[in-house]
Amino acid sequence: MTASNSTLNQTSTMNDIEQFESGNSLWHDAWVRLRKNKLALVSLFVLIFIGVICLLTPWIAPYGYEQQDLALGASAPSAAHWFGTDTLGRDLLTRVMYGGRVSLAVGLIATAVALTIGVTWGAIAGYTGGRVDAIMMRLVDIIYALPFMIFIVLLMVVFGRSLLLLFLAIGAVEWLTMARIVRGQVQTIRQLEFVEAAISIGLSKAAIIRRHIIPNALGPVIVYTTLTIPNVMLLEAFLSFLGLGIQPPESSWGVLIANGVESMEEYPWLLIFPGLALSIVLFSLNFLGDGLRDALDVRASKD
Amino acid sequence: MTLLTVNNLSTSFYTRNGLTKAVEDVSFSLDAGETLAIVGESGSGKSVSCYSIMGLIPCPPGKIESGSAVFDGVDLLNCSDDEIRAVRGNKIAMIFQDPMTCLNPYLTVGEQLIEPLIYHHKVSRSEAKKKAIELMTEVGIRSPETNFNAWPHEFSGGMRQRVMIAMALIAEPKLLIADEPTTALDVTIQKQILDLVAEIQKKRDLGIIFISHDLGVVKNLADKVLVMKTGHIVEQGNAQDVLENPQHEYTQKLLAAIPKGAKENPKAEENPEPLIQVKNLVTEFNVNGNRFRAVDNVNFDILPKEILGLVGESGSGKSTIGRSILRLVDAQGSVNYRGDELLSKNPQQMKPLRRKMQMIFQDPYASLNPRMTIYETLAEPMKLHGIAKGSELNQAVLKLMDDVGLARAFVKKYPHEFSGGQRQRIAIGRAIATKPEFIVADEPVSALDVTIQKQILELIQYLVDKHELSMLFISHDLAVVRKLCDRVIVLKHGELVESGNVEALWQQPSHVYTQSLLAAAMH
């Protein structure tokens, strides 16, 4: 009775064999599904577009970011200055472009740091359990309990102020929550029978975590990641405001927005344009994150 | 006296994937003191029909398209929310399949019992408590005064189902709807619960609608039987007529799928060399700081090419034995596999041996990684143990799918796109992918419908013969064990109480526990 219906479709699939041989189906299929999600796709292109512009800023920016025209002062958007100029007569478009470089970099690097450490740490703690888990998570608790500002100030004092260090410092704080989320997920997943099945096949611990545990914990991770990126960008603005981040005349979106708020009533464009840039990026990230989560959930769609 | 008359009930679900007609044109009636059994496989609409009557279908996505259900002069399908609430839990009560999830863990048993009484009958607390204790006595809960203040987690499954029954009865309903009330219970407990329901029915002149997939249970219980398939009634009538002289092809198929009788040609070799020798196996767990001995000094052999049944109730440690042998849990004692002592091996040393020993799990919904395609699931063990590579691997996967009766076209699909039976085929495919010698099958068919169960059992037998496998077949279902296994061992509270050839043990069980198990298994 067993092989009765299996010859069915045999010939048709023989041609497809090459396709399922290559790569990881989960990500491949996720990409196929993501392409069907218009909103996510548009968001992805918007992000790529903004990213490319920021990358090319030194070559395509209309003015220098520190180039002042004190005679001009704060002028409204015009043909020469599309986004207007700030109180020192600097071109706002140029400053938004340069600011984007810092903001996007801090968002990506700090989040990548948080993601890597957090997911690995949480997965190992959650999967191993017992004493290892207790020690790893107590460490997380301890870092949590450290006052964040003092932690950053200490880092800056010891290692000197550098942009890269700032990124790492933010990432080093943001991974804590990620680790907790992942650990919780993993604790549930590791009790499922397919993990036991993986053990009985003979897979190593690392392979089980990588192939069976993490893909099943991705949903909340993606959602939290899309929440982390804006968080990190705002944190950078806050640190810069305290003099711990980037310094004038350099800028970031966070700094530009903070400055814009001060002169919101007289020169609203100083707030509107950097705010718009940040909002577009955050919206896109959220749509993309949603789309990615749905795309990675193989159960969500029928095809 | 007619208690409930259902006419032309149709219920549909409007989902993203389109319209599903869950129940179509279902009509039946029930008298007081009568038991109607609604039988069918999962997805046949048997639960949906009863939930529709009770107004428990979530709308949307559900919608009751047409029909009437007249109970006590009220049409339940066309009345106000208030009217139906007055009936629900009061004149019609329900017991559910899973007593573990149907009790609120944050309320004491007594508190949950008196809730409907205070709500529907506006009686005082002390009066309600008195009545609750009476009922707890009636449903056979020992020392009801103390247990009134017990928490649900302190009760076993059978005890909780008794609480559920007491809860259903407390408002003195006229109709009881029981949705697979014993499916989650052990056979001996199942018998007690069914006896209890029958006794209460006689005493109270209850009408009972009994939803079940288990025709063996239905046979001893029902006055009338209604067989459903894909939302339609295919046959209904007097229980004896339907079960002994089924007219519809589907009913005949259902009845034929019940495992009956003994294995046709059990293996009986003279003194063969055992494949696996288990000696003084002890497995202990930490439970709230205490050592709990799940498996206590168990000794047995598994012979080459035999299917050894391992029988016992839930909590008897039968799954733990299987997992101990495969080193999925830590154990003491000795498990000797062809001269290799498994329990002293480290993970590196275990790896080549794992290829030779695999496991099939109970729940095909949990045992497959939802994010891996069938191809990946089947290819993983072969890649790991270097059995096949590249294009050879693809061929091997496809051949494996042929072997377990899955169409090759499914190779790139994900587990959620399959039915329970198909998923179990995938899981079996994964287990035989490494060409093992020995497989532990932990209740591989207990989550499946009876017709699917039959197919999977046939598949297992086919593969065992074809690949000359040895198997430890863990089950609580004695009929299945009798049909499939060559020898059987019986476990109680972690100890081995009896072992022997299946048929010999069936005819003359020597241990009291085995006798009670056999007596409780009604088919």
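The values are calculated or read from the model by the stated rules, or taken from the named source; none is laboratory data. All values derive from a computational prediction rather than experimental measurement. Note that each Cβ is placed from the backbone with ideal geometry, even for glycine, and that neighbours are counted across all protein chains shown. The area values use the complete protein model at the heavy-atom level, side chains included, leaving out ligands, DNA and RNA. Shrake-Rupley method; radii C 1.70, N 1.55, O 1.52, S 1.80 Å.
Assorted remarks:
- Only one of A:230, A:215, A:220 that is at pLDDT below 85 and either hydroxyl-bearing (Ser, Thr, Tyr) or surrounded by fewer than 21 Cβ atoms within 10 Å (Cβ to Cβ) (or both): A:230
- Contacts under 6 angstrom Cβ, first residue in the range A:185-197 being within 10 Å of another protein chain (Cβ to nearest Cβ), partner open to solvent by less than 10 Å² (accessible area, probe 1.4 Å) and aliphatic (A, V, I, L, M), 6 or more apart: A:189/A:213; A:194/B:368
- When the range A:118-136 is limited to residues that are closer than 15 Å to residue A:171 by Cα and either open to solvent by 30 Å² or more (accessible area, probe 1.4 Å) or free of Cβ contacts under 8 Å to residues at least 24 places away in the same chain (or both), the one that is farthest from the chain's Cα centre (by Cα) turns out to be A:121.
- For the range B:216-241, the tally of residues that are farther than 11 Å from residue B:39 by Cα, free of Cβ contacts under 8 Å to residues at least 40 places away in the same chain and surrounded by 15 or more Cβ atoms within 10 Å (Cβ to Cβ) stands at 1.
Here is a yes/no grid of residues against (1) in a strand (DSSP E or B); (2) in contact with a strand residue (DSSP E or B) (Cβ under 8 Å, 6 or more places away or on another chain); (3) away from chain A (no Cβ under 11 Å); (4) without any contact (Cβ under 8 Å) to a residue 24 or more places away in the chain:
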position	(1), (2), (3), (4)
B:416	no, no, no, no
B:421	no, no, yes, no
B:427	no, yes, no, no
B:431	no, yes, no, no
B:440	yes, yes, no, no
B:451	no, no, yes, no
B:455	no, no, no, no
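- In the range B:484-506, residue farthest from the other protein chains (Cβ to nearest Cβ) [restricted to those that are assigned to a helix (DSSP H, G or I) and surrounded by 21 or more Cβ atoms within 10 Å (Cβ to Cβ)]: B:505
- Any hit, the range B:389-397, residues being of a type in the set (D, E, K, R) and at the interface with another protein chain (Cβ under 10 Å from one of its Cβ atoms): no
- Residue ID - least open to solvent (accessible area, probe 1.4 Å), chosen from residues in the range B:507-523 that are among the hydroxyl-bearing types (Ser, Thr, Tyr) and either within 18 Å of residue B:185 (Cβ to Cβ) or in a strand (DSSP E or B) (or both): B:513
- Unmet requirement for residue B:112, which otherwise passes all of (1) part of a helix (DSSP H, G or I); (2) surrounded by fewer than 15 Cβ atoms within 10 Å (Cβ to Cβ): (2)
- Yes/no for residue B:365 being within 11 Å of chain A (Cβ to nearest Cβ) and modelled with pLDDT under 85: yes
- Index of the failed condition, residue A:298 passing every other in (1) under 30 Å from residue A:186 (Cβ atoms); (2) open to solvent by 30 Å² or more (accessible area, probe 1.4 Å); (3) modelled with pLDDT under 85; (4) not aromatic (Phe, Trp, Tyr): (2)
- Residue in the range B:309-332 that is in contact with a Leu (Cβ under 8 Å, 6 or more places away or on another chain), open to solvent by 70 Å² or more (accessible area, probe 1.4 Å) and not assigned by TED's automatic domain parsing to the domain that holds residue B:190 present: yes
- With respect to being facing chain A (nearest Cβ under 10 Å), of a type in the set (A, V, I, L, M) and out of contact with any Leu (no Cβ under 9 Å at 6 or more places or on another chain), residue B:406 falls outside the description.
- Of all residues making up the range B:139-177, the number that are among the aliphatic types (A, V, I, L, M) and either closer than 16 Å to residue B:203 by Cβ or more than 28 Å from the chain's Cα centre (by Cα) (or both): 9
- Any helices (runs of 4 or more DSSP H) falling wholly within the range B:156-246 and containing at least 2 residues that are of a type in the set (Lys, Arg) and out of contact with any strand residue (DSSP E or B) (no Cβ under 8 Å at 6 or more places or on another chain): B:157-169, B:187-204
- Count of residues meeting criterion [touching a residue at least 40 places away in the same chain (Cβ under 8 Å), of a type outside the set (Gly, Ala, Ser) and assigned to a loop (DSSP other than H, G, I, E, B)] in the range B:16-59: 4
- Helices (runs of 4 or more DSSP H) completely within the range A:184-303 that count 1 or more residues being under 19 Å from the mean Cα position of the chain (by Cα): A:214-241, A:253-262, A:269-296
- Every residue from the range B:183-198 that is over 20 Å from residue B:451 (Cα atoms), open to solvent by 50 Å² or more (accessible area, probe 1.4 Å) and touching a helix residue (DSSP H, G or I) at 6+ places or on another chain (Cβ under 9 Å): B:191, B:192
- Criterion: at pLDDT 85 or above and more than 30 Å from residue B:348 (Cβ to Cβ) - qualifying residue of A:111, A:188: A:111
- The set of residues in the range B:394-414 being assigned to a helix (DSSP H, G or I) and open to solvent by 10 Å² or more (accessible area, probe 1.4 Å) consists of B:395, B:396, B:399, B:400, B:402, B:403, B:408, B:409, B:410, B:412.
- All conditions in (1) within 10 Å of chain A (Cβ to nearest Cβ); (2) more than 24 Å from residue B:465 (Cβ to Cβ); (3) not in a loop (DSSP other than H, G, I, E, B) hold for residue B:298, with the sole exception of (1).
- Residue that is modelled with the lowest pLDDT, among those in the range B:368-394 that are polar (S, T, N, Q) and over 16 Å from residue A:298 (Cβ atoms): B:391
- Residues satisfying the stated conditions in the range B:330-361, i.e. within 12 Å of chain A (Cβ to nearest Cβ), under 17 Å from residue B:439 (Cα atoms) and either in a strand (DSSP E or B) or in contact with a helix residue (DSSP H, G or I) (Cβ under 9 Å, 6 or more places away or on another chain) (or both): B:350, B:351, B:353, B:354, B:355, B:357, B:358, B:359, B:360, B:361
- Checked against (1) closer than 16 Å to residue B:366 by Cβ; (2) out of contact with any Gly (no Cβ under 9 Å at 6 or more places or on another chain), residue B:392 passes all but condition (1).
- One residue from A:108, A:93, A:139 being touching a His at 6+ places or on another chain (Cβ under 9 Å), assigned to a helix (DSSP H, G or I) and surrounded by fewer than 20 Cβ atoms within 10 Å (Cβ to Cβ): A:93
- Residue A:77 vs. criteria open to solvent by 30 Å² or more (accessible area, probe 1.4 Å) and in a loop (DSSP other than H, G, I, E, B): yes
- Residue in the range B:208-215 that is surrounded by 17 or more Cβ atoms within 10 Å (Cβ to Cβ), touching an Asp or Glu at 6+ places or on another chain (Cβ under 6 Å) and over 25 Å from residue B:12 (Cβ atoms) present: no
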